[in-house]
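The values are calculated or read from the model by the stated rules, or taken from the named source; none is laboratory data. Keep in mind it's a predicted model, so treat the numbers as computed, not measured. Cβ: placed from backbone, ideal geometry, glycine included. Neighbour counts: every protein chain shown. Just so you know, the surface numbers come from the protein's heavy atoms only, side chains and all, with ligands and any DNA or RNA stripped out. Shrake-Rupley method; radii C 1.70, N 1.55, O 1.52, S 1.80 Å.
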Number of protein chains: 2
Amino acid sequence: MAHPPKAAFLEQLEADFPDGFLSQDPAELAEYGRDWTRVHAPAPSAVALPRNTDEVARFLRACHEAGVAVVPSGGRTGLAGGAMAKDGEIVLSLSRMRAIGEVDLLGSTVRVQAGAVTEAVHRHCEPLGLTWPVDFASKGSSTVGGNIATNAGGVKVIRYGLTRNWVLGLQVVTARGDVMELNGALEKNNTGVDLRQLFIGSEGILGVITEATLKLARLPARQSVFLFAVDDVAAVLRLFRDARKAPITIAAFEFFTDRCLARVQRHRKVRTPFEADYPTYALLEVEDTDEAALEGWLASLFERELIRDGALAQSATQAAELWTLREGISESLSATGLPHKNDIALPVAALESFCSELDALFGARYPGWEICLFGHIGDGNLHVNVMKPDTMEKADFLKQTSASDHAMFTLVQKHGGSISAEHGIGLLKKPYLGYSRTAEEIAVIRGLKAVLDPAGILNPGKILD
Amino acid sequence: MAHPPKAAFLEQLEADFPDGFLSQDPAELAEYGRDWTRVHAPAPSAVALPRNTDEVARFLRACHEAGVAVVPSGGRTGLAGGAMAKDGEIVLSLSRMRAIGEVDLLGSTVRVQAGAVTEAVHRHCEPLGLTWPVDFASKGSSTVGGNIATNAGGVKVIRYGLTRNWVLGLQVVTARGDVMELNGALEKNNTGVDLRQLFIGSEGILGVITEATLKLARLPARQSVFLFAVDDVAAVLRLFRDARKAPITIAAFEFFTDRCLARVQRHRKVRTPFEADYPTYALLEVEDTDEAALEGWLASLFERELIRDGALAQSATQAAELWTLREGISESLSATGLPHKNDIALPVAALESFCSELDALFGARYPGWEICLFGHIGDGNLHVNVMKPDTMEKADFLKQTSASDHAMFTLVQKHGGSISAEHGIGLLKKPYLGYSRTAEEIAVIRGLKAVLDPAGILNPGKILD
């Protein structure tokens, strides 16, 4: 299997590549060696910073021949440790490859390098009335390559689907250093197995994404953002079922509990538009919806007692404030305590029974603990955060949450769910992969890995041992 | 490599499976052994007609152990020979597995067996205000399993994307007879490589799809269908560019030339809503669009001379009549002559220059011949049909078109296009695969095939030799 580079290998890289290609600066090793997780310590041997695809290809060819372990690296905003370099690997950072090409208005596409930051792509396209509809809280740091390699989700999946849907072409460098141009700028192309799909969501174990042709969506002409107060998760689901049938175009349907709100309020000094406090909240964004139809539906929500209160943002500022209540949660939990994070998905139809069984499980496992539930409930995606009790030692906490994870994932498996909806597997969820994938599936993934990366140099230890 | 079954193998199948599982009736061999292509003669050894997944698994395990070649078979409406059994294979027909489950209204999904007919799924979901938005002329015969195995396209791709986007879960039986349940009913599930994507569009060479959980879309509340008359393909593209920016939701944007129309009129006795004849036509369908905005845009098309004439269907019957002008083309070409068919795609931005180069090429190669161009131009997808001149022998015609295909595909390759947009590769496009896929890509596909089907029993000779 792949191993850390020897000193001579690094010297040869220094000789073969331009100045500044390789860094061994301790501050850079610490920075590039980790993502947003804080479980493992970063310990890469070096950071490679190519400026173009040819350098990526030459670098990987050298690593393949020498059997040197490589960690492909984007914006490092991952939450599963997929971009951690903890075992002396060389980090291959795409951060210098961030060019964004001219928007093709006829095809509604744009070609970008993998290191382009998500939000920079949004800003590039917005003046033309277009957007790349991949949108989440870390968009200011995450990169296109990382988004594609993790098939990123986010707040607009219910409307636009996952990142996979918004990638037309991929330029991928294989572990052997071959450059593959997959699918170009084509909307339709049925010429044998679509290899592009293999790399999307493969967390860097099959190849390195260097460029992409992104498919763009038209920006909506009008958006409306609502906050609703309801009694519990079951009420959120009743509201969702109703919204699905209403004459509206749902762009986002999110929820959070009062405990999440309390943490956000402690950290961010925000407030809800309501006079009273409620147990559970739903955030709805609609796009380009007929106003009369929308108003009729809203009025009926009160009449039919589907909500206890509701508020419409009257301005872009108010809309942003409502979104802060939801998008500020993850940051606020980490700023005000130590959350143990999980990111699970269920079939939408199974959510209600799952949530009540989860309540019972947590009541037994974590009596009196603070559990913060939020997420993209319209997609069946729940973020489950267990907060460390102030009086408990961290080691005890981690031991207890790890044991409870097995119990929760057993429940997830029973309901046909996923142990990782959008965060991926990386290092942190690897011990639990068997709850979502069978031995046969894992054997096939190993087989694919052996085809594409026979020396096993790409992101070793991620997803699979 | 895999081979036809010996007599003893077929006898053992007869013994191991229920009565009627295996047919060797000559009429059934002829019927199940071919698809809509008429290039090769059907010659299967037998037809296997399983009633459930367990029978599929047991059958494939037996074939894998004996090295017997199998052709997976759906509605056999393919146009690339992907479902032809011309070399003594056993056809594995999913035609008895056509159950359609109850629609899950909360998740907007439905579970179906692979043999369910596309239109039957539409009819099943329509009363609930939902549809599986995979729609094309052969929907009355094509099956869900075949649609998925070929990642079918059609007339609504511009609005809804390819079949790939509308498949949540797949049940696949591998060549070894293992049953894999991939992704269940999950919208979000990032737990390692998404194997489901491998099987979508793989034309039966990697596994056999037995069931699927389909994602459903809401039926639009209103649709409007327009026919526009313009001067040439360049004018169609100008109109398309304008429509992309207009305040409308495009559900379909199709085009055809006067030669296609003439063939449809010869076969179907239909007429356009226009007084005069024009060189080129565009068909536009819009969904749920604000009427005032739509009318304003339409008026501006005349003012800005983007169209020479235009007509809006005033009823569902008229809309169907306009659609017949477009959807009747393929059938009318075959009924009134012998077309040599190609199905190519270009990046939308490259269409205009490609089309003018194609004109020049065809002018030189096919002087005075009848070329019928039509297709899903909004997706960059052109159907290029060369009609056999009445005075030419068929053998001469095929020889000449084959040579010209190489010239056309060279042009396609130059513009970054695809030699098969939605028909797939099968047998008929296999000699040309290299125009769309590199040697490295083909080597990777061979590697994947070896992982999933080491004995090479599944659809041998399709896509790859």
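Taking label points 7 Å from Cα along the Cα-to-Cβ direction, B:ARG304 and B:ALA262 give a separation of 3.3 nm.
Can you tell me how region A:303-417 classifies by the Cα gyration tensor, rounded, prolate or oblate, using a/c under 1.5 as the rounded cut? Oblate shape, in that a/c is at least 1.5 and b/c is the bigger or equal ratio.
A Förster radius of 35 Å combined with the Cβ-Cβ distance from A:VAL270 to A:GLU295 puts the calculated FRET efficiency at roughly 0.85. Apply the a/c threshold of 1.5 to the C-alpha gyration tensor of region B:309-351 and tell me whether it is rounded, prolate or oblate. Oblate is the answer for region B:309-351, as a/c is 1.5 or above yet b/c matches or exceeds a/b. Ranking A:LEU411, A:GLY424, A:GLY378 by how far each Cα lies toward the positive end of the dipole of region A:376-424 (charges on Cβ) leaves A:LEU411 at the top. The residue list B:GLY461, A:GLY20, B:SER300 was ranked by how far each Cα lies along the charge dipole of the protein assembly as shown toward its positive end, using unit charges on Cβ atoms, and B:GLY461 comes out on top. Calculated [222 nm] ellipticity per residue, helices only, for chain B: -10500 deg cm²/dmol; basis is -39500 (n - 2.57) per DSSP H run with n ≥ 4, divided by all residues, nearest 500. The Cα center of region A:443-465 and the Cα center of region B:155-219 differ in position by 23 Å.
The mean number of partner chain beta-carbon atoms within 10 angstrom of a residue's beta-carbon across peptide B:432-445 is 4. The 3J(HN,Hα) values that the Karplus relation (6.51, -1.76, 1.60; θ = phi - 60°) gives for region A:53-61 are, in residue order, 5, 4, 5, 4, 5, 5, 4, 5, 4 Hz. Gly and Pro appear as x. Closest approach of any chain A Cβ to the axis that rotates A onto B belongs to A:GLN197, 2, distance given in whole Å. Debye-formula intensities of region B:145-189, expressed as log10 I(q)/I(0) at q = 0.29, 0.34 Å⁻¹, are -1.05, -1.14 (one equal scatterer per alpha-carbon, no solvent). Listed values for region A:425-442 are Karplus-derived 3J(HN,Hα) couplings in whole Hz (6.51 cos²θ - 1.76 cosθ + 1.60, θ = phi - 60°), namely 9, x, 9, 6, 9, 4, x, 10, 3, x, 6, 10, 10, 7, 4, 5, 4, 5, and x replaces Gly and Pro. Which value, in nm² and rounded to one decimal, describes the direction-averaged projected area of the C-alpha convex hull of the protein assembly as shown? Taking a quarter of the hull surface, the average projection is 39.4 nm².
When a/c reaches 1.5 or more, the comparison of a/b and b/c decides; with that in mind, is region B:277-329 rounded, prolate or oblate per its Cα gyration tensor? Since a/c reaches 1.5 but b/c is at least a/b, the shape of region B:277-329 is classed as oblate. For the residues of B:417-426, the average number of beta carbons from a partner chain within 10 Å of their own beta carbon is 4. Straight-line cross-link partners of A:LYS388 among the lysines, defined as a Cα under 25 Å from its Cα and at least 8 positions apart when in the same chain: A:LYS269, A:LYS341, A:LYS399, A:LYS429, A:LYS430.
With the label put 7 angstrom out from Cα along the Cα-to-Cβ vector, B:PRO454 ends up 1.7 nm from the copy partners, going from closest to farthest.
Label points for B:LYS269 are taken 7 Å from Cα along Cα→Cβ. From this copy to the others they lie 8.0 nm apart, shortest first.
Taking the protein heavy atoms of region B:100-163 in the context of the full set of protein chains, the accessible area attributed to carbon and sulfur is 49 percent at 1.4 Å. Based on the Cβ-Cβ distance of A:ASP277 and A:LEU219, what FRET efficiency does E = 1/(1 + (r/R0)^6) give at R0 = 56 Å, to the nearest 0.05? Efficiency, rounded to the nearest 0.05: 0.95. Given H placed on each backbone N at 1.01 Å, which residues far from B:LEU338 in sequence or on other chains put an amide H within less than 5 Å of it? Close amide H contacts, sequence-distant or interchain: B:LYS388. The share of Cα pairs per 20 Å bin across chain A, counted from zero up to the longest distance, runs 24, 54, 21, 1 percent.
Once backbone amide H atoms are built at 1.01 Å from N, B:HIS3 has B:VAL68, B:ALA69 as its partners under 5 Å, excluding neighbours fewer than 5 places away on the same chain. In sequence order, region B:360-371 has phi-based couplings of 5, 4, 5, x, 7, 7, 10, x, x, 6, 9, 9 Hz under the Karplus curve 6.51 cos²θ - 1.76 cosθ + 1.60, θ = phi - 60°, and Gly or Pro positions carry x. The same position A:ASN52 in the other copies lies at 6.1 nm from this copy, comparing label points 7 Å beyond Cα toward the beta-carbon, shortest first. Taken residue by residue and averaged, Cβ atoms of other chains lying within 10 Å of the Cβ of A:376-385 number 2. Qualifying GluC sites (Glu not before Pro) in region A:302-403, where qualification requires a DSSP coil assignment and no more than 13 other C-beta atoms within 10 Å, comprise A:GLU305, A:GLU393. Projected label points at B:ALA335 and B:ALA395, each 7 Å from Cα along the beta carbon direction, are separated by 3.2 nanometres. Between the DSSP loop rule and a limit of at most 11 other Cβ atoms within 10 Å, which trypsin sites (Lys or Arg not before Pro) in region A:105-165 are left? Listed in order of number, the matching sites amount to none.
About the Cα centre of region B:241-293, what is the dipole size in debye to 20, counting +1 per Lys and Arg Cβ and -1 per Asp and Glu Cβ, all else neutral? Here region B:241-293 has a charge dipole of around 520 debye.
Extension gain for A:ALA364-A:ALA27 works out to 116.9 nm (0.36 nm per residue, less the C-alpha to C-alpha distance).
For region B:212-338, the solvent-accessible area of protein heavy atoms averages 45 Å² per residue (probe radius 1.4 Å; ligands and nucleic acids excluded). Expressed as a whole percent, the accessible surface of region A:10-54 that belongs to carbon and sulfur atoms is 47, based on a 1.4 Å probe.
Can you grab the distance from the C-alpha centre of region B:407-430 to the C-alpha centre of region A:35-77, Å, no decimals? When both Cα centres are located, 36 Å separates them. For region A:197-266, trypsin sites (Lys or Arg not before Pro) meeting the loop criterion (DSSP other than H, G, I, E, B) and having at most 14 other Cβ atoms within 10 Å: A:ARG222.
Set the Förster distance to 45 Å, then compute FRET efficiency between A:ASP87 and A:ARG241 from the Cβ-Cβ distance, nearest 0.05. E(calc), rounded to 0.05, equals 0.40.
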